[in-house]
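The values are calculated or read from the model by the stated rules, or taken from the named source; none is laboratory data. All values derive from a computational prediction rather than experimental measurement. A quick note on method: Cβ atoms are made from the backbone with ideal geometry, for glycine too, and the neighbour counts reach across all protein chains shown. Protein only, heavy atoms only, side chains kept; ligands, DNA and RNA dropped before computing areas. Shrake-Rupley method; radii C 1.70, N 1.55, O 1.52, S 1.80 Å.
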Amino acid sequence: MAIWNLGSINADIVYSVPHIPAPGETLSSTGRQTYLGGKGANMSVAAARAGARVNHIGAVGADGRWAVERLLEYGVDTRNITEIATETAQAIIMVDPKGENAILLHLGANAEIPQTTLQTAMAEAETGDWLVIQNETNLQRTGANLGKKMGLKVAYAAAPFDADRVMAVLPHLDFLILNAVEASQLEAATGQAPADLPVQDVIVTRGADGADWYGRADKQHFDAIKVDPVDTTGAGDTFTGYVLAGLDRGMPMEQAIGMALKAGALMVTRHGTADVIPDLSEVQAFQL
């Protein structure tokens, strides 16, 4: 099968800082790096490195051709990434010595993906494929509705969180993944806890406390793998990409989550985003 990812593509500009700045504070960085990023690109790279066939649907400006080339290098099908007049999205990321981060996002081309690009991509999709969406692009509701009508399994990463956007796609979802803060925000907006949502599988990630899966049975908790983190940026996207790749390859959810927890643990020991996501051989060799 295949994964079709209607996803963001960013230039991630990462600054190392002594601490996350307070309001009004001016702070000098101790380092600066530029990486391929965006939640969508991160998930595409993670799923491809986990062994899935991944097709990315998105948009960049002329300044983002390097990002498309890099996605292709990492094994992602880039035929449905359109170059438009709007500049490529950027994320300004500050990372402190403990690996915590703060992110400023400029949506750029991610918010202007042409509907024809989505329709052209979906014309190649097959029943049983996965369609993945998240909150850094336009066309989410359109994509979810189209995917469901075509018999695709629809997955949604509810970040950056927006209650109205989540509720708009909930009826079309087979799989929802969100972190603990987002789960609380969604419950406040809908009155529904994760176990009550009309979605077959819901995963709530909890950082160093692991993850909870709400499936056909009762909630199952999975402990995180203990490592010394240096940068948590992209860890959640890596986890999501690996879970989806595992499911696409026919793994039971428990096995897919176990593999994704290893990938996420490796990811937080590295500085960077899509460029440093571990591949499947590294994850399989990782010793607990």
Problem set entry | Option label - mean projected area of the Cα convex hull in nm² computed here, alternatives (i) 14.3; (ii) 16.6; (iii) 15.5 | (i)
Exercise. Between Thr34 and Ala123, what is the FRET efficiency for a Förster distance of 35 Å, r being their Cβ-Cβ separation, to the nearest 0.05?
Worked result: 0.50
Seminar exercise, completed: Given backbone amide H placed at 1.01 Å from N, residues whose amide H is under 5 Å from that of Asp231, ignoring those fewer than 5 places away on the same chain, are Arg270
Problem set entry | Over 11 Å [Cα-Cα, segment 45-96], rounded percent | 70
For this session: Please state, as a whole number in µm²/s, the translational diffusion coefficient that the Stokes-Einstein equation yields for segment 161-286 at 10 °C and 1.306 mPa s, with Rh defined as the Kirkwood radius across alpha carbon pairs.
Result: 105
Exercise. For the chain, what is the charge dipole size about the Cα centre, in debye to the nearest 20, if Lys and Arg each add +1 at the Cβ and Asp and Glu each add -1 at the Cβ?
Worked result: 360
Exercise. Between Arg65 and Gln255, what FRET efficiency comes out of the Förster formula 1/(1 + (r/R0)^6) with R0 = 35 Å and r the beta carbon distance, rounded to 0.05?
Worked result: 0.40
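Charges at C-beta only: +1 for Lys and Arg, -1 for Asp and Glu. How large is the resulting dipole of segment 210-268 about its Cα centre, in Debye rounded to 20? Present the calculation step by step, with values, prior to reporting the outcome.
Working: 5 positive and 8 negative charges, 33 e Å.
About 160 debye.
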For this session: Apply the Karplus parameterisation 6.51 cos²θ - 1.76 cosθ + 1.60, with θ equal to phi minus 60°, to every residue of segment 238-253 and state each ³J(HN,Hα) to the nearest whole Hz, in sequence, with x for glycine and proline.
Result: 4, 4, 4, x, 6, 4, 5, 4, x, 5, 4, 8, x, 5, x, 4
Exercise. So if we plug the beta-carbon distance of Glu83 and Ala189 into 1/(1 + (r/R0)^6) with R0 = 25 Å, what FRET efficiency do we get, rounded to 0.05?
Worked result: 0.10
Seminar exercise, completed: The Cα extents of segment 241-288 along the principal axes, largest first and rounded to whole Å, are 31, 22, 15
For this session: Quantify, in whole percent, the carbon and sulfur part of the accessible surface of segment 55-155 (1.4 Å probe; protein heavy atoms only).
Result: 52
Exercise. Can you pull the semi-axes for segment 42-200, root of five times each eigenvalue of the Cα gyration tensor, sorted largest first, whole Å?
Worked result: 25, 22, 15
Exercise. Excluding same-chain residues fewer than 8 positions from Lys149, which aspartates and glutamates have a Cα within less than 15 Å of its Cα?
Worked result: Glu124, Glu126, Asp129, Asp174
Problem set entry | Under 17 Å from Lys98, Cα to Cα: lysines that are on another chain or at least 8 residues apart | Lys226
Exercise. Protein chains only, probe 1.4 Å: how do Thr30, Thr142 rank by accessible area, largest first?
Worked result: Thr30, Thr142
Seminar exercise, completed: Contour minus Cα-Cα span, Ala217 to Gln200, at 0.36 nm per residue, comes to 5.1 nm
Exercise. Given the protein chains as shown and a 1.4 Å probe, how many square angstrom of Glu136 are accessible, to the nearest 10?
Worked result: 20
Problem set entry | Most mobile of Ala67, Ala157, Ala263 in a GNM of the chain (Cα contacts under 10 Å) | Ala67
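For segment 153-231, what is the Kirkwood hydrodynamic radius in Å, using each pair of distinct C-alpha atoms? Display every interim value, and only then the final one.
Numbers: mean 1/r = 0.0766 Å⁻¹.
Across segment 153-231, the inverse of the average 1/r is 13.0 Å.
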Exercise. Using a 1.4 angstrom probe with every protein chain in place, what is the largest-first accessible-area order of Tyr15, Tyr156, Tyr214?
Worked result: Tyr15, Tyr214, Tyr156
Exercise. Using modelled amide H (1.01 Å from N, peptide plane; none on Pro or chain starts), what sits under 5 Å from the amide H of Ile57, excluding residues fewer than 5 places away?
Worked result: Asn5, Leu6, Gly7
Exercise. So between Val181 and Ile92, what do we pick up on full extension, going 0.36 nm a residue minus the alpha carbon distance?
Worked result: 29.9 nm
Problem set entry | Stretchable slack from Asp228 to Gln287, in nm (0.36 nm times residue separation minus alpha-carbon distance) | 19.8 nm
Seminar exercise, completed: Which of Asp218, Asp162, Asp12 fluctuates most in a GNM of the chain (C-alpha springs under 10 Å)? That residue is Asp218
Exercise. Cα extents of segment 1-122 along the three principal axes, largest first, in whole Å?
Worked result: 47, 33, 20
Exercise. Among residues other than Asp129 whose Cβ falls under 10 Å from its Cβ, what is the net charge (Lys/Arg +1, Asp/Glu -1)?
Worked result: -1
For this session: Give a quick list of GluC sites (Glu not before Pro) in segment 2-78 that DSSP marks as loop, anything other than H, G, I, E or B, with at most 15 other Cβ atoms within 10 Å.
Result: Glu25
Problem set entry | Relative contact order of the chain, pairs being alpha-carbon contacts under 8 Å that are 6 or more residues apart, as % | 19
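Which order do Asp212, Asp196 take by accessible area at a 1.4 Å probe, largest first? Write out the running numbers ahead of the final one.
Working: Asp212 10, Asp196 95 Å².
These residues rank, largest area first, as Asp196, Asp212.
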For this session: Express the relative contact order of segment 161-288 as a whole percentage, based on alpha carbon pairs under 8 Å and six or more residues apart in sequence.
Result: 17
Seminar exercise, completed: Per the charge dipole of the chain (beta-carbon charges, Lys/Arg positive, Asp/Glu negative, Cα centre), the residue among Ala41, Met122, Ala111 reaching farthest to the positive end is Met122
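Ignoring ligands, DNA and RNA, what accessible area per residue does the chain give at 1.4 Å, in Å²? Before the final figure, lay out each step's value.
On the way: 12200 Å² over 288 residues.
Here the residues of the chain average 42 Å² of exposed surface.
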For this session: Could you pull out every one of the lysines with an alpha carbon less than 26 Å from that of Lys148, ignoring same-chain neighbours closer than 8 positions?
Result: Lys39, Lys219
